[in-house]
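**Q** Sharing a structure, written as structure tokens. Questions coming.
Read-outs: derived from the displayed coordinates by stated rules, not from any lab. Note that the structure is a prediction, hence the values are computed from the model and not measured. In this analysis, Cβ positions are derived from the backbone assuming ideal geometry, glycine residues included, and neighbour counts consider all displayed protein chains.
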Amino acid sequence: MARDECRRIATGLPRGRQGKTADSIPGPDPGPDPAGAVADRLEHLAVHAGLPRGLRAAGVSREHLPALAGHAAEQWTGRFNPRPFDAVGALQLYEAAY
């Protein structure tokens, strides 16, 4: 996932949750930009773990994204998301991660 998309997602967290999220990932002090710190740390962890650089690199076909988004919106985890989450939001996330 691109750093800017990670930052956009982290910035959408309720006030106060960004710093807590940044603090929960080992690394340097998040400083004045906790959303950027979360994005940087996730990027760092993904690179060091050898994870694919997006859904395309993981072998996901773009044509499957709408169906995957629909399924994601039905999962119980979507109800506990700090941001509103539905099929449209899931598709936007998957498109950004493609």
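**Q** Using θ = phi - 60° and the Karplus curve 6.51 cos²θ - 1.76 cosθ + 1.60, what whole-Hz ³J(HN,Hα) does each residue of the stretch 64-74 get, with Gly and Pro shown as x?
**A** 8, 4, x, 5, 4, 5, x, 5, 4, 5, 8
**Q** Still on this structure, I have one more. Cβ neighbours within 10 Å, averaged per peptide: list 54-63, 83-92 in order, most packed at the top.
**A** Taking the mean over residues of other Cβ atoms within 10 Å, the ranking is 83-92, 54-63.
**Q** What does the net charge come to around Ala87 if you take all other residues with beta carbon closer than 13 Å to its beta carbon, with K and R at +1 and D and E at -1?
**A** Overall, the nearby charge balance is -3.
**Q** Non-local amide H neighbours of Tyr98 (under 5 Å, H modeled in plane, Pro and chain starts lacking H): which ones?
**A** Leu55
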